[in-house]
Structure formats: structure tokens, C-alpha cells
Amino acid sequence: MAKVLIPTPLRQYVDKKDSVDVTGSTVGEVLTSLTTQYPDLRKNLYTDEGKLRSFVNIYVNDEDIRYMSKDATSVAEADTVTIVPSIAGGF
Amino acid sequence: MSTLAPPAAAQLSKEEILRYSRHLIMPEVGMDGQLKLKQAKVLLIGTGGLGAPLGMYLAAAGIGRIGLVDFDVVDYTNLQRQVIHGTSDVGRKKLDSAADTMREINPHIDIDKHEVALSSENALGILKDYDIVIDGTDNFPTRYLVNDACILLGKVNVYGSIFRFEGQSTVFGYPGGPCYRCLYPEPPPPGLVPSCAEGGVLGILPGVVGLIQATEAVKLILGKGEPLIGRLLLYDALNMRFRELRLRKNPVCPICGDNRTIHQLIDYHQFCGIPQHEPAPESGVSENEIEVTALKAKMDRGEKFVLVDVREPHEYQICKMPNSVLIPLGDVAKRVNELNSADEIYVHCKSGMRSAKACDFLRQSGFKKVKNVKGGILAWSDKVDPSVPKY
């Protein structure tokens, strides 16, 4: 089980949890398990065409998957997957 | 606007030496460092949640010239976090209020007031006179604008953003380092990510994040320590946890990459999917809307209808309209069976935006007799029942 850290704006779609443990050996599998368990999360992570949204970054431990193997990036048991969406607040 | 003064010209007065004593006696700052701070020119974009602690501490630290960009007026909802403004400042221009507070903290600094909304037309002209830009804005178009202007001018951009209990901070635009577009190539479509005004923010949070930005700015000026370049710092106040993620320069970034495609500022509202010219609010009501006064008249006549409140339960606790049924917007789809399409249905929220979405959904679901309460509970408080608190 990999741990997925859920950022505040998306917690409303995962029963208000701040992290969810899901199975999967790649980022693609982990996110599929996650969005199968929480279908409402799907449209916030993916476009209608099934592409990861460009204002949502996914990290395995501290590395951005865009600079690894994207969806195919491997995820080990002890790894942490972090979802980091764009936030703009400052006022 | 002045240019960078030669180092030899700068010196500290007797009063300044006493004031900056705790800096002068530490080797990491010392006289050289304090003179660097005095000669530094820093631009703060926004004097709100992040800008408040930034302005106060950077003034206290002795940054010689601080530019402020804001066009807003202080209101009561600002005071929970924007500590540079006080209760007696409500109604004043934020620029005046912030500058007064900063001058009271440190009269030895210069403050430039830029009373404008930063735009593609004025950004380069304002930013060019400063060494470091600190982004304390609250919307995506301005954040991309600030990023692009900094990259085009070769300025460092100290970034911070906040939402509820979470903050992000990093340093963009350092030579060889990543920029905001490397982190997020595109903004979210409008409506998908709530702003602080919609989603709320813990009042203390911008204090912490703003001071991380202030710390980075001071370090960059002093040339000391390890700045947050290529590192994205995440702060989770609720769990009191700091994390750091690797932030890489995107080799194909359209503005800071090797083959840039953006050579000048663009239309950032269009880029963010926001219509450039918002249609002026209509004075009348559309056929899908009802005025609060008309709704009140229906109540007084005892007419039969269902009033649905699509706000969140914690908002319902703050105030409510008489005999309303609470169905938060996110639950409307799954609770639609609780409503009868034969009934006359009026839907309201805080200001009318969320209820408009709920009305659209209900109409698509076959409800014909559904109308949006124009202006929401804020209009109700303004025009019908002033005892209903506004928030």
C-alpha cells in the first residue's frame, strides 16, 4: 500500500481525509485505485480526455513524475505519492 | 524612479546604527549586509494577507525602498489576517494604511505607492525599478503576469500562496532556476479551485507564509544561506508539517526554456479562461432570477414555494433565510430526489454564484419552475433583513 497525501482543496472528494492508502505499483495504478474508490475526485485530477490536468502535479516522494516516467513511474510500498494542485490565494 | 545607488554612497546614520544593532552584531549581516538591505529595492504585489507581514518585517529590517502595489480599500473581513491594517483603517486605501504602518515601524525607508491593478500594460514599467519582486496576489491571472514580467525583466520572484490551512512557497526566476510556468504550465479552469474569499483561510497562515517569503527576500539580498530555488516548500498548518519537493526547470518552458515562445506579456485573463470584460451586472432580473424583495413579498403573501439554500452547513450556522432547506451545492445531484419538479423552487447561496450553478443543474434535470435568488443572502441582508449578518 502506498500512501497518497491529499491536499486541502481535494479533501472534500475523499471523505475529508488528508491521506489515503491505496494499492498499485505505478503512479497510474495508484491514481486509478484512488479514483475508483473516490469517483468524485476523478474530474479534478483528469481532463475529459483522461489526461492529468496541467495544474495538478504528482510527486513520488519529493520528485515530480513529469521528470520521471510520468504515469509509469514505479511506486514502492513505503513511497509517498503527493498531489499538489495550484493554489493562488494571498489575500 | 531612482537607480541603484553606488555602494560607497550608502551609509548608516547614528540612529540607524542603533536601530539595526541586532543585525550589525551578527556576522551574517553586519554593516555590509545592513547596507545591502538599505540599498535594496523590493516590490510587494498586494498588501493583503501575505503583503501585511511582508511589509511590516521588511520595513523593520531596513529594506531601503519598498514598492507597494494595491488598489483596494480596507474592509472588516481583512482584519482577521491583514495585520498591517487596523480597525480605524477600514474604508481607507490599503496603500495609505500599509505605508503609514510601515513608516511608523521605520521612518528611515522609502515607500513607493503604486495605486493600480497590475496589468500587461503597466507591469514591466513598475517592476523594472526593483531588484526583487514578491508575489502576494490572490488570483491566477496576476500570478502568471508577475511570473512572466519577472522572467522578461530578469527579476527574482519570491512566491507564496495560501489556501485554508495550506501554504506553498518558493523562489522563481533566479538565473538558471525554474519559474511558475515550470511548476504549473497552465492555470486551472475558472471555478475549479476556490479563492480565499470563497474557500476561507486561517488568519495566521499568511503570517507564516508571508514571513517565509520575507526570509527568502532578505537572504537573497544578503547573499547568505540556501534560498528556496528549485525547491517547493509546502506548509500544512493543521498537521504542523513542512515538506519540500524538488522543483525542476522545464527545458521546454514557453517563457524560461531554451526555445521560448513567449516574448512579451500576453492577455492573462484570456489565458486563465476568464472573460476580459466581465458583462456589467444587469440592473434588472432575468427570467431565471428573482429579487430578494420579490421573494419577501411572496413570503408575506403566504405563497407556497420551496427555498433551497445551497451553501455549506458551516455557513448555514452563521445565518439563514426563513424556512430554507439546506442542500449544499456538492450534494444537489444526489439529493435531487428530495425536490419535486411540480413545486416552485427558489435557490439561494451567499451571493448568487453557487445557486446559479444549482439552478442550471436542476433545469437540466427537468425542473422548469426554478429561479435563482439574485444576490443571495447578502442581498437579503442589504434589502430585506439587516439583522442577518454578512460574512
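Read-outs: derived from the displayed coordinates by stated rules, not from any lab. This one's a predicted model, so the numbers in the text were calculated from it and none came from an experiment. Here the Cβ is made from the backbone with ideal geometry for all residues, glycine too, and neighbour counts use every protein chain on show.
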At most 15 other Cβ atoms within 10 Å and a DSSP loop assignment: could you name the trypsin sites (Lys or Arg not before Pro) in the range A:19-91 that fit? A:Lys51
Most fluctuating residue given options B:Gly284, B:Gly177, B:Gly154, as computed from a GNM of chain B linking Cα atoms under 10 Å: B:Gly284
Arrange B:Phe140, B:Phe361 by Cβ neighbour counts within 10 Å, fewest through most, would you? B:Phe361, B:Phe140
Relative contact order, percent, chain A [alpha-carbon distance under 8 Å, six or more residues apart]: 37 percent
Per-residue average of other protein chain Cβ atoms inside 10 Å, peptide A:75-88 -> 5
Pairs over 28 Å Cα to Cα, from B:Lys296/B:Lys369; A:Lys43/B:Lys296; A:Lys16/B:Lys334, come to A:Lys43/B:Lys296
Can you give the net charge of the other residues whose Cβ lies under 14 Å from the Cβ of B:Val201, counting K and R as +1 and D and E as -1? -2
Using only alpha carbon positions, build the gyration tensor of the protein assembly as shown, then give the equivalent ellipsoid semi-axes as the square roots of 5 times its eigenvalues, largest first, whole angstrom. 42, 30, 20
Taking loop as defined by DSSP and a crowding limit of 10 other beta carbons within 10 Å, which GluC sites (Glu not before Pro) in the range B:102-155 fit? B:Glu121
Under 37 °C and 0.692 mPa s, how fast does the range B:40-271 diffuse according to Stokes-Einstein, given a Kirkwood radius computed over C-alpha pairs? Answer in µm²/s, whole number. 185 µm²/s
Can you give the relative contact order of the range B:40-271 as a percent, counting alpha carbon pairs under 8 Å and 6+ residues apart? 21 percent
What list of ³J(HN,Hα) values in whole Hz, one per residue of the range B:378-388 in order, does the Karplus curve 6.51 cos²θ - 1.76 cosθ + 1.60 (θ = phi - 60°) give from phi, with Gly and Pro shown as x? 5, 5, 4, 5, 5, 10, 10, 9, x, 6, 6
How about the range B:148-235: which trypsin sites (Lys or Arg not before Pro) there are in a DSSP loop, with at most 10 other Cβ atoms within 10 Å of their Cβ? none
Name the long-range amide H neighbours of B:Asp112: under 5 Å, sequence gap of 5 or more, or other chain; modelled H, no Pro or chain starts. B:Ile66, B:Gly67, B:Leu68
Within the protein assembly as shown, what percent of beta bridges assigned by DSSP are antiparallel, to the nearest 5? 50 percent
Other residues with Cβ under 13 Å from the Cβ of A:Gly89 give, with Lys and Arg +1 and Asp and Glu -1, a net charge of -1
How high is the relative contact order of chain B, in percent, with contacts defined as C-alpha pairs under 8 Å that are six or more residues apart? 12 percent
For the Cα atoms of chain B, what angle does the longest principal axis make with the long axis of helix B:51-61, in degrees from 0 to 90, nearest 10? 20 degrees
Signed unit charges on C-beta, dipole axis of chain B, positive-most listed residue B:Val332, B:Ile63, B:Thr101: B:Val332
Per DSSP helix of 4 or more residues, -39500 (n - 2.57); summed, then divided by the residues of chain A. What does that give at 222 nm, rounded to the nearest 500? -4500 deg cm²/dmol
Separation of the A:Arg11 and B:Glu28 label points, Cα + 7 Å toward Cβ, nm: 3.2 nm
Kindly write out, for the range B:127-135 in residue order, the coupling ³J(HN,Hα) from the Karplus curve 6.51 cos²θ - 1.76 cosθ + 1.60 (θ = phi - 60°), rounded to whole Hz, with x marking Gly and Pro. 5, 4, 8, 10, 8, 10, 10, 10, 8
Could you give the angle, 0 to 90 degrees to the nearest 10, between helix B:140-153's Cα long axis and the longest principal axis of the Cα atoms of chain B? 20 degrees
The range B:289-383 shape via C-alpha gyration tensor axes, a/c threshold 1.5: oblate
Degrees, to the nearest 10: B:205-222 long Cα axis against longest axis of chain B: 20 degrees
Is there a simple number for the mean count of other chain Cβ atoms within 10 Å of the Cβ of residues in A:53-64, and what is it? 5
Most to least packed among B:168-176, A:32-40, A:56-64, B:346-354 [average Cβ atoms within 10 Å]: B:346-354, B:168-176, A:56-64, A:32-40
Based only on other Cβ atoms within 10 Å, what is the fewest-to-most ordering of B:Ser381, A:Ser54? A:Ser54, B:Ser381
